[in-house]
Amino acid sequence: TLPCLPGARPCIPKDFGHGSLVCVCNATYCDTLDPLVLPAPGSYVKYESSKAGKRLERSEGRFQSSLRTPGSAAGGWRCRRGTPGHHGLSRGLPAGLLLTLNISALYQHVKGFGGSLSDAAAMNILKLSRPAQDNLLRSYFSESGIEYNLIRVPMACSDFSVRPYSYDEVPDDYELKHFRLADEDVKMKV
């Protein structure tokens, strides 16, 4: 089993109606996670959030070892719903679903995880007090948070902007002589 490291602060749920719960994060309190620890080979850690109130709830389990992955000469790991002795991941799978991990076939490298910093997100963050901003950003980017290491910033406006805008409003300006960042970018995102 994985070591249970100290430090997690639980979610204090706030109901916004219609089944919409969020965790309170303000100037004095923001929930945190235990530091992430990689599981041992053959094991997994699952974090689950739900409308019912789970907020990155941690559970552990072990994959069944398979001598041969179907369609491959290499070994792998399997997790099947309803397999006795399995926890967490298998409970959330539809009946009859079998996940097979072929550990000899790698298709891509994961550079990291993150989210989008839209105009709407930036405007809401900037409305918070400085201590609340610090707590919120720490909950996204620090080791006591979810450890984001990537952010996507939309180029010009998006569907989360309060107005339509681009970086060059002059038609046929192919040399971009009138290119400029919008106030939203300068004040909120760059």
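The values are calculated or read from the model by the stated rules, or taken from the named source; none is laboratory data. The structure presented is a predicted model; accordingly, all values stated were derived computationally and were not measured. Cβ sites come from the backbone with ideal geometry, for glycine too, and all protein chains shown count toward neighbours. When the accessible area is computed, the model is the full protein with side chains, heavy atoms only, and any ligands, DNA or RNA have been set aside. Shrake-Rupley method; radii C 1.70, N 1.55, O 1.52, S 1.80 Å.
Observations
- Applying the set (1) open to solvent by 50 Å² or more (accessible area, probe 1.4 Å); (2) touching a helix residue (DSSP H, G or I) at 6+ places or on another chain (Cβ under 8 Å) to TYR165 leaves exactly one unmet item: (1).
- When residues in the stretch 1-13 are screened for being closer than 18 Å to LYS54 by Cβ and either modelled with pLDDT under 80 or surrounded by 12 or more Cβ atoms within 10 Å (Cβ to Cβ) (or both), 6 of them pass.
- ALA27 among the aliphatic types (A, V, I, L, M), under 21 Å from ALA132 (Cβ atoms) and either modelled with pLDDT of 75 or more or open to solvent by 70 Å² or more (accessible area, probe 1.4 Å) (or both): yes
For (1) open to solvent by less than 60 Å² (accessible area, probe 1.4 Å); (2) in a loop (DSSP other than H, G, I, E, B); (3) closer than 30 Å to ASP34 by Cβ, each residue gets a yes or a no:
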position: ASN135; (1), (2), (3): yes, no, yes
position: SER139; (1), (2), (3): yes, no, yes
position: SER144; (1), (2), (3): yes, yes, yes
position: ASP172; (1), (2), (3): no, yes, no
position: LEU176; (1), (2), (3): no, yes, no
